Amino acid sequence: MSSVDILKGKLKAQNREIWAIGGGKGGTGKTFLSGNLAISLTRLGKKVILIDADLGCANLHTCLGISVKGATLSDFIRGKVKSIHDVLIETQIPNLSLISGAQDFLEIANPKYREKMRLIRQIQELDFEYIILDLGAGTSFNILDFFLISDVGILTVLPEPTSIENVYRFIKSSFYRRFKKVVKDPAIKTVITQAMDQKNDLGIRTPFDLIEQVEKIDLEIGKKLKEQIFNFKPRIIVNQVRSKDDIALGFSMRSSCSKYFGIQIEYIGYVEYDDSVWKATKLSRPLMLEYPYSVSARGINNISHNLLKKEQLTFDFLVNG
Amino acid sequence: MTRYQDANYYELLEISRDATPRQIQTAYFLAKKTFRERSLATFSLFSDEERDAIWLKIEEAHYILSDHDRRKSYDIFLARGSDSPNLWEPEKREPETETSIPIPDSINGSFLKSLREKKRFSLQNLVSHTRIAINYLVAIEEDQFKNFPAEVYLKSYLTEYAKYLKVDPATLTRSYLKNYHSQTIKKK
């Protein structure tokens, strides 16, 4: 590497962006999308690292067709290796590095607070343009925290009631957790905890109700929470789309979130249901390499373009598209 | 951060103040899709009552924004920052006691409109009870034939209309269609 390249790398490091991909329910394509979005970015000349943060059941490496021999994230969490760089693998895909997830150690799924903070700190210092975190299923605190430290939080949803319900739950859990982090007053903290239970005695159903309650206690904190909501912009991807109605679901969810939660989610794209996806998965080969011209690969490329340009789908798209 | 109850029509349909008629139309269809019964995107969040309330507000927004003049006066009201204009005010009065009104052999939209007004029903009453889109109700009452739905829908709308006004559905539909057909054939 020439000195110019090193300098470039340093400059870029300041512009690094962390993307976290979650979604609540299992089997909605979090790992699939993490891997393939990362490859799509490398095709645009970006330097990318994929981190398998699904601590309970990691398999991003399989999705990429890589067998893991060296150290993994579990060695880092357990403190067997000092630096996160020691568990980093250069993949055969140009510009793409990987930190593979825990393989064996069960307790790793719930690292201690100190371990988690060390991990987060070192992730934030990685020298890559894009750091992509593949999160596990569920809405545990660890998953929510990874989601909340990201610059871009992405949720994958399938056009099915169960998946949609879980995405809403994820959204709600993550911003209530965010609320709790900015609030110090124990009385308000209690209100937030109570509000998380849908059948609470305070009659709080939506964030609107919650903020109204908080404003009664402290107007300033209410304002602070409103700012938090304003700055919270999860992105959604609808996966396994089979009809125009499925595509429209992203818009409907965006609208529901704004009317119910008062938050603006961004609909950044969809991936069509396509046989090439399971064919590639069966071969343990990434879709972007095996079927780069398939409709689903095209969908993934569109999503990465939207993410890079900070754009989202608009209504007009439904008329013309 | 605005509750939907307090949102203006543009916020409700999630469009900008300078949205084109086409954008308004798309946003309206999408909003209807989102808040219809058993919609995937809303079922775990909103209760049926809330969804119905939003649905009605969407109809209201579309009624105002899809018409050039109504939209213009609404924009003036918004710019002034005053409360919403009475373009869509539900009538509070109870309908008059039953008087049977004879229905002629052939009737047009203005007959229906006067019948409705005699019974003291507002368009909003009709929309919320029959769930017929406001633009079709207006088209029916104003004989805007080019805006009509397919005839099979038109028939069922007229039936609903008649039922709500408590007149004989078969007679009303027959008489209305008679005029409609004679008008459209003449034009051809």
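Structure summary
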read-out: Test: residue in the stretch A:213-228 that is within 11 Å of chain B (Cβ to nearest Cβ), over 17 Å from the mean Cα position of the chain (by Cα) and in contact (Cβ under 8 Å) with a residue 40 or more places away in the chain; value: yes
read-out: Residue within the stretch A:82-103 that is surrounded by fewer than 22 Cβ atoms within 10 Å (Cβ to Cβ) and at pLDDT below 85 present; value: yes
read-out: Failed item, numbered, when B:P104 is tested on (1) open to solvent by less than 70 Å² (accessible area, probe 1.4 Å); (2) at pLDDT 90 or above; value: (2)
read-out: Selection count where residues are of a type in the set (G, A, S), part of a helix (DSSP H, G or I) and open to solvent by 10 Å² or more (accessible area, probe 1.4 Å), scope the stretch B:132-165; value: 1
read-out: The stretch B:2-21, residues that are surrounded by fewer than 16 Cβ atoms within 10 Å (Cβ to Cβ) and within 7 Å of chain A (Cβ to nearest Cβ); value: B:R3
read-out: Condition check for B:E37: exposed (fewer than 12 other Cβ atoms within 10 Å of the Cβ), under 30 Å from A:D197 (Cβ atoms) and modelled with pLDDT under 80; value: yes
read-out: Qualifying positions in the stretch A:225-250 - in a helix (DSSP H, G or I) and surrounded by 15 or more Cβ atoms within 10 Å (Cβ to Cβ); value: A:L225, A:K226, A:Q228, A:I229, A:D246, A:I247, A:A248, A:L249, A:G250
read-out: Criterion: open to solvent by 60 Å² or more (accessible area, probe 1.4 Å), within 14 Å of chain B (Cβ to nearest Cβ), under 30 Å from A:I247 (Cβ atoms) and assigned to a loop (DSSP other than H, G, I, E, B) - qualifying residue of A:R169, A:R205; value: A:R205
read-out: Residues satisfying the stated conditions in the stretch A:255-275, i.e. within 11 Å of chain B (Cβ to nearest Cβ) and open to solvent by 30 Å² or more (accessible area, probe 1.4 Å); value: A:Q264
read-out: Any hit, the stretch A:295-318, residues being within 13 Å of chain B (Cβ to nearest Cβ), more than 21 Å from A:S34 (Cα to Cα), part of a loop (DSSP other than H, G, I, E, B) and of a type in the set (V, I, T); value: yes
read-out: The stretch A:148-168 - residue that is farther than 24 Å from A:E272 by Cα and out of contact with any Lys or Arg (no Cβ under 9 Å at 6 or more places or on another chain) and, of those, modelled with the highest pLDDT; value: A:S150
read-out: Answer residue from the stretch B:23-33, given it is more than 7 Å from chain A (Cβ to nearest Cβ) and either open to solvent by 10 Å² or more (accessible area, probe 1.4 Å) or small (G, A, S) (or both) and is farthest from B:I54 (Cα to Cα) among those; value: B:Q25
read-out: Cβ pairs under 6 Å, 6+ apart, first in the stretch B:41-52 and facing chain A (nearest Cβ under 9 Å), second basic (K, R) and buried (at least 20 other Cβ atoms within 10 Å of the Cβ); value: B:T42/B:R51
read-out: Matching helices (runs of 4 or more DSSP H) fully within the stretch A:22-134 where at least 2 residues are farther than 28 Å from A:K233 by Cβ and touching a helix residue (DSSP H, G or I) at 6+ places or on another chain (Cβ under 6 Å); value: A:73-77
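This table checks each residue for (1) modelled with pLDDT under 85; (2) surrounded by 14 or more Cβ atoms within 10 Å (Cβ to Cβ).
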site	(1), (2)
A:G9	yes, yes
A:G22	no, yes
A:K69	yes, no
A:R78	yes, yes
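The values are calculated or read from the model by the stated rules, or taken from the named source; none is laboratory data. Quick caveat, the model's predicted, so the values are computed rather than measured. All Cβ positions, glycine included, derive from the backbone under ideal geometry; neighbour counts span all protein chains shown. We work out accessible area using only protein heavy atoms, side chains counted, and drop any ligands, DNA or RNA first. Shrake-Rupley method; radii C 1.70, N 1.55, O 1.52, S 1.80 Å.
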